[in-house]
Structure formats: C-alpha cells, structure tokens
Amino acid sequence: MEITLTGITTTGAPHLGNYVGAIQPAIEASRRKDVQSFYFLADYHALVKCQDPALVHRSRLEVAATWLALGLDVENVIFYAQTDIPEILELTWMLTCVTAKGLMNRAHAYKAAVAENMADPDKDPDKGVTMGLFSYPILMAADILMFKANKVPVGKDQIQHLEMARDIAARFNYLYGDHFPLPEAVVDEKTAVLVGLDGRKMSKSYGNTIPLFEPEKALRKLIMRIKTNSLPPEAPKDPETCILFQIYQAFATVEEATALRERYAQGIAWGEMKQLLFEYLNVRLSEPRQHYHELLKAPDHIEQILKRGAIRAREYSVPFLQELRRSVGIRPLSL
Ligand code: TRP
C-alpha cells in the first residue's frame, strides 16, 4: 500500500505558498482510501528555526487549526505532532550514526548559511550554525522512515532532503537489513514554488508572504501591494511572468487559467487584475477562514485530535522501533 507522509514546520501562520506547495495536495490525498497518509506538525524542526517559545506554542495551534479548517480528514489520515512520537528522536540518533558528515555538508540550507558567513572575512564560516540546523535533514529522514513512507509531497526546495533521506535509508539497510523502503518526493510541477509579494519565492524568511487566513481587508491590501510592471492598462501582458497570474493559477482550474490568459492577451489593467485575484481568493478562503477562527478558540479540541493521532501513529512506531533496536544489536542480553 502507498504510504504518504508530510510535515509542516510550525513557525508562523501558514501562507499561500505552504498551501499550494504542500497542504492542498496533502489534503486531496488525505481523502483517498487506497493510501495511508501521515500528516504532522514538525514542531521539533520548529526549534531549529525559532527560539521564541511563545511563537513556537502559538504556531503549533495555528498550523493544526489550518489543516483542520481546510478539511483534513482526520479519520482517514493519521494527524499528529512530531513531539508526541518519542520514537522519532531515537530513530534520529540511529540514523545520525550512519550518516556521513560529508553528506550533511552538502545540504543547501547549511551551505547557504556558510556562504553568507564567508562573505565577511572576519566571520567564522559556521557562525550561527547550530547542530540542529546541520542535522536537520537527519531528523526529517527519521520522520519519513519511521512510518515507511514511500511518497512525500513537498515543495521543490525539499527535494534534496528527500534525496538525503534515501541515501541515509540505503546506508542503514545495507548495514542492518532491509528495513526502510526508499521514499520519493512528490512535487506538483504546476504549483511547486509560489512567488511572493516581491517576486522572490514566497517564504517566511523573505517576509514576502500572504498568510492564508488574513482577514479580508488585510488580504486585499497585501494583494494590492504585489509588484507589477508599468505597462498601460490596455497593453497585452504576459501571464507567465506575472505574480498575480501565478497565484491565480495555483488555485484555478485549467479552464479558468486559460480564460484569464486570454484576458491578459487582450490587455487587462493591473488594478482590475488585482481586484479579480482578491475576489477570487476571498471566495475560496472565506469559509475555511471562519472555521479557522472558531478552531483557534477551541485548543482543547485540537489537542484531543492530535493526541488521538499520536496514539494511532505509535501503533506503527513503537513496534517498528523495537525491530530497529534489535537489528542494530540493542536487545535483551539473554537473547
Ligand atoms: N522540512 C520540511 C519543510 O520545511 C518540513 C518537514 C519536516 C517535512 N519533516 C518532514 C516534510 C518530513 C516532509 C516530510 O517544509
């Protein structure tokens, strides 16, 4: 059976880019009966990026509420917080012990941090790099391998992490027997990386995001702020290089996108297009937005759902970890 798994790091409220790259495909897959899906809050990963306890706490609630508000089927999928599954950390250590340091040296996020430091000759190349950041891909591999996932829906920027998870799994399998299937990234090419307000990838670290459940007025304001070029209203415009179009397309059906492309060719004023995009998104988001705000007021209800998910997840992780322990030689001394 196909096993799908994905996690979302709990730092800040989810934005449109998260929705398009990970949440939406995951929720669609969550309704499939022929797949066992695992979805989780990557709250251990959050500690790598965020050392503000209030924000970590708040984000766990916001991310969980987001998934539920968007219609995650929690009967069909197993939905949990990573920190409720202690087996993941133990597996992380087992994997850490078979992972080449050189493999981690090649991770994009780590290399980018080093490159930035190197630009300043007075800085240590590893300034500000924690072991958490350095080992991030190993924790992610443990998330995936713990549940023998074979399909992992992620944004394009996570492909390297999936390659690393495969390398690590293969090394473990080679040493200790065939325990892990090799996981594959599932990237929706159409919508893999959504651009942000300024034209760069939409990302919390660039501060250019559109939060998913922004109140109506604020959503409108953000869309009005999106950078466009200075073509006059009646001039034909290129949809493929336009941020407004790309966001629209990420949500629209093929037919809707084709119709809008036609309007670009005829010339559509930027003001009109922004209004159109706002209205389109607002209609799509208003119901889940309301549900989201109700859920935020019911944290106990959310907690219960997560705890139930953790119990179900541990039905897999507890016995599997025992198997893994035995395979590396950690077993009762009499056996
Ligand atoms: N690193 C992922 C991100 O930043 C989040 C994540 C953590 C994840 N563990 C995972 C995604 C396991 C897929 C599978 O988006």
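Just so it is clear, none of the values below were taken in a lab; they were calculated from the coordinates. Note that this is a predicted model, so its numbers are computed, not measured. Methodologically, a virtual Cβ is constructed for each residue, glycine included, from the backbone with ideal geometry; neighbour enumeration extends over all protein chains shown.
Per-structure values
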| item | result |
| --- | --- |
| Gain in span if fully extended, Glu240 to Ala115, counting 0.36 nm per residue against the direct Cα distance | 41.8 nm |
| Entries in Lys111/Lys151; Lys123/Lys201; Lys151/Lys221; Lys49/Lys148 that, when Cα-Cα distance is taken, lie over 31 Å | Lys151/Lys221 |
| Distant-in-sequence amide H partners of Lys123 (H built 1.01 Å from N, under 5 Å) | none |
| Relative contact order for the chain, counting Cα pairs under 8 Å that sit 6 or more residues apart, in percent | 22 percent |
| Amide H within-cut-off set for Val195, under 5 Å, with H built and near neighbours excluded | Met202 |
| Sequence of Cys97, Cys50, Cys242 once ranked by neighbouring C-beta atoms within 10 Å, starting from the fewest | Cys97, Cys50, Cys242 |
| Helix runs (DSSP H) in the chain reaching 30 Å along axis by Cα, Kyte-Doolittle at least -1.0 | 270-296, 299-328 |
| Lys, Arg +1 and Asp, Glu -1 on Cβ, resulting dipole of region 1-101 about Cα centre, debye, nearest 20 | 240 debye |
| Exposure proxy order (Cβ contacts within 10 Å, fewest to most) of Trp270, Trp93 | Trp93, Trp270 |
| Net charge, Leu306 excluded, C-beta distance under 9 Å - Lys, Arg +1, Asp, Glu -1 | +1 |
| Label-to-label distance, nm, for residues given as Val56 and Asp126 (7 Å Cα→Cβ offset) | 2.2 nm |
| Net charge over other residues, Cβ less than 12 angstrom from the Cβ of Cys97 (K, R count +1; D, E count -1) | +1 |
| Fraction of alpha-carbon pairs over 19 Å apart in region 103-158 - percent | 40 percent |
| Computed FRET value (nearest 0.05) for Ser205 with Ser334, which takes r as the C-beta separation and R₀ as 51 Å | 0.45 |
| Computed FRET value (nearest 0.05) for His293 with Lys156, which takes r as the C-beta separation and R₀ as 35 Å | 0.65 |
| Cα gyration tensor, region 1-118 - rounded (a/c under 1.5), prolate or oblate | prolate |
| About the Cα centre, charge dipole magnitude for the chain (Lys/Arg +1, Asp/Glu -1 at Cβ), debye | 320 debye |
| Point-to-point label distance, Leu103-Met224, nm (Cα→Cβ direction, 7 Å offset) | 5.1 nm |
| Alpha carbon Rg of region 213-294, scaled by the compact-globule rule 2.2 N^0.38 Å | 1.14 |
| Formal net charge of residues neighbouring Ala149 (Cβ-Cβ distance under 12 Å; K, R +1; D, E -1) | 0 |
| Convex hull (Cα only) mean projected area of the chain, reported in nm² to one decimal | 20.0 nm² |
| Inter-label distance, nm, simple model (7 Å from Cα along the C-beta direction), Arg32/Arg308 | 2.4 nm |
| Glu272, Glu214, Glu163, Glu255 arranged by Cβ crowding within 10 Å, fewest neighbours leading | Glu255, Glu272, Glu163, Glu214 |
